[in-house]
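Comments concern the structure below.
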Amino acid sequence: MQLFEIIGNIGKDAEYKKNQQGGEFVTFTVAVTKVIRNRETGETTKKTTWIECSRNGRQNVDQYLKAGVKVFCRGEAKARAYKNQQGDPIGTLGMRVSEIELLGKPSEKMDDAPF
């Protein structure tokens, strides 16, 4: 297994889903933003990469994985390519999460998170 680690902010509240075999999993997206500074002009730009995350099982983590919360995730990377309805090639980056650590949101206490 390759190891993939990210730190970013959750883009939208986590959702529980079921696969075809009836197993449950939670999905959420994490935005990882990088600030790039142009050495010549001093201008800075931000580049955000969205990572589609999933974790097997139902651990009742949806109450903690809310939009805007900063998280650390570790797991296995997965890339996917497809063509959209217009026929344009699209690529996505995702991960099968094995470990989640809440890095906090100033307005909420999360010491009792179950993971």
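We did not get these values from a lab; they are worked out from the coordinates using the rules stated. Just so you know, these numbers come straight off a predicted model, no measurement behind them. Backbone-built Cβ (ideal geometry, glycine too); neighbour counts: all protein chains shown.
Note on the chain: with a GNM built from Cα contacts shorter than 10 Å, the maximum mean-square fluctuation among Val71, Val35, Val61 falls on Val35. Which translational diffusion coefficient, to the nearest whole µm²/s, is obtained for the range 1-55 from the Stokes-Einstein equation, given a Kirkwood hydrodynamic radius over C-alpha pairs, 37 °C and 0.692 mPa s? Stokes-Einstein gives a translational diffusion coefficient of 240 µm²/s. When the Cα positions of Phe25, Gly42, Val69 are compared along the charge dipole of the chain, Gly42 comes out farthest toward the positive end, with charges on each C-beta of Lys, Arg, Asp and Glu. Among Asp13, Asp62, Asp88, whose mean-square fluctuation peaks in a Gaussian network model of the chain (Cα, cutoff 10 Å)? Answer for the Gaussian network model of the chain: Asp88. For the range 2-115, the dipole from Cβ point charges (+1 on Lys and Arg, -1 on Asp and Glu) about the Cα centre works out to 280 debye, to the nearest 20.
Across Ala81, Ala14, Ala67, mean-square fluctuation computed from a Gaussian network of the chain (C-alpha pairs under 10 Å connected) peaks at Ala81. Between Ser98 and Arg58, the contour length at 0.36 nm per residue exceeds the alpha carbon distance by 13.1 nm.
At full extension, Lys47 and Asn84 could sit 11.1 nm farther apart than now, given 0.36 nm per residue minus the alpha carbon distance.
What's the longest bit of the chain with no exposed trypsin sites (Lys or Arg not before Pro), using DSSP loop states and at most 10 other Cβ atoms within 10 Å as the test? Counting only loop sites that pass the neighbour cut-off, the longest clear stretch is 40-108. Within the range 17-53, whose backbone N sits under 15 Å from a point 7 Å along Cα→Cβ of Ala67? Counting only backbone N, you get 28-31. Please list log₁₀ I(q)/I(0) at q = 0.14, 0.18 Å⁻¹ for the chain, using the Debye equation with identical point scatterers on the alpha-carbon positions. Relative scattering, expressed as log10 I(q)/I(0), comes to -0.67, -0.99.
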